[in-house]
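The values are calculated or read from the model by the stated rules, or taken from the named source; none is laboratory data. Predicted model only: the values in this text are computed from it and were never measured. All Cβ positions, even for glycine, are placed from backbone atoms using ideal geometry, and neighbour counts span all protein chains on display.
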Amino acid sequence: MTVLEDAVVWSAELERLGARLAPRFTRLEPRRRLLAYLRGLLAPVERKNGWQLAESAGDATPDGMQDFLGRMRWDADQVRDDLQAYVVEQLGDPDAVLVLDETGFVKKGTHSVGVQRQYSGTAGRIENCQIGVFLAYASKKGHALIDRALYLPERWAGDAMRRTKAGVPEEVTFASKPKLGLAMLQRALVAGEPFAWVTGDSVYGADHRLRRLLERHQRGYVLAVTSAQRLGLKPVEDCFEAAKGEVGLDQYEVRSWAGWHRHITLAMLAHAYLAVVRRAAIGGTDRRRPGGRVVASYRAGGAPPAVASGLGAPTRSRPDRGVVALASTTPAACSSKPLAEANKPA
């Protein structure tokens, strides 16, 4: 295949993915925003923030993208379920491994939901940050993040005023990181996801409920390891590195509970799409193998060249930013409103 042919095939795959998710959005405007947002995450722009995602969609301001994360009506958990089904369909294997781990998102200020001074493995020290707990799916076909939860510290969970400002649902209470991980594993088991065993560090292995769950379902695990050991955790570390470097997992500008889960879910979806593209690029499907130059020509910073070229022609950029956006569409929203206070950047 030529680069242009690759672009056509992989752009069509993104369109199919968008169509798959369309039933989760009841109106045309958020459906169009969905594809525009994914294209922006996949485009090789410097930062995947509100302005640059808006520029990649051909918008004059970031209001439409911010509305998509903060005000439009759609359920991030339903999209997560579709993400899991997509990953299993494309990368599923009975011998796959589920990996529990966490990553930090360094933030300024005190208003972003769940932020406080706490240890971040990403930074390797105590930082003012948010912590997200993630579940990764790793098989011989590829690896991708399939579930997520924002860790809400006890100080946040018990502060009614902060909860209200950040839009934390009433039913959300304090949950330890192992409890969040347990809920993710339960969802994976209920969904019937194929996997042979689970791995994670001692944060999760120390919780007997998690181990008993896996034993009841006859799944193996390697959990009770020290922080110095790295057994099985390199699938998930690669996932964090790629998702942050390629699709802006950590480049959000939202403060609210809903905004965090929406951005993170869509970044995970874009990362899973790239995992599927990579598999196709190395001959992992029945499609013809794309040229080797495409596989070798990128590592991070966005989609492969063929994918990026298939996302659209350059659009206008703001002169004071000097940004050229590669993923063009017509403006995805007919009108937009100012960003809700809860979703303003910290």
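Scan the helices (runs of 4 or more DSSP H) fully inside region 38-102 and keep the ones with 2 or more residues being modelled with pLDDT under 95.
Details: elements: 50-56, 63-70, 76-91.
By residue number, 50-56, 63-70.
Here's the yes/no breakdown for (1) more than 18 Å from L145 (Cα to Cα); (2) touching a Gly at 6+ places or on another chain (Cβ under 9 Å):
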site	(1), (2)
R33	yes, yes
R39	yes, yes
R47	yes, yes
L53	yes, yes
R71	yes, no
D77	no, no
D81	no, no
D93	no, no
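How many residues, within region 103-138, are among the hydroxyl-bearing types (S, T, Y), part of a strand (DSSP E or B) and surrounded by 23 or more Cβ atoms within 10 Å (Cβ to Cβ)?
First pass over region 103-138, keeping only residues among the hydroxyl-bearing types (S, T, Y): 103, 110, 112, 119-120, 122, 137.
Within this subset, residues satisfying the condition of being part of a strand (DSSP E or B) are 103, 119-120, 137.
Next, only the ones that are surrounded by 23 or more Cβ atoms within 10 Å (Cβ to Cβ) stay: 103, 137.
Selection size over region 103-138: 2.
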For region 57-73, does any single residue satisfy the condition of being of a type in the set (K, R), surrounded by 20 or more Cβ atoms within 10 Å (Cβ to Cβ) and touching a residue at least 24 places away in the same chain (Cβ under 8 Å)?
no
Listed by first then second residue, the pairs whose first member lies in region 205-228 and is assigned to a loop (DSSP other than H, G, I, E, B), whose partner is among the aliphatic types (A, V, I, L, M) and at pLDDT 90 or above, with beta carbons under 8 Å and at least 6 positions apart or on separate chains, are D207/L182; H217/L189; R219/A196; R219/V198; L223/V198; L223/L210
Within region 248-274, how many residues turn out to be farther than 16 Å from E15 by Cα, aliphatic (A, V, I, L, M) and over 9 Å from the mean Cα position of the chain (by Cα)?
2
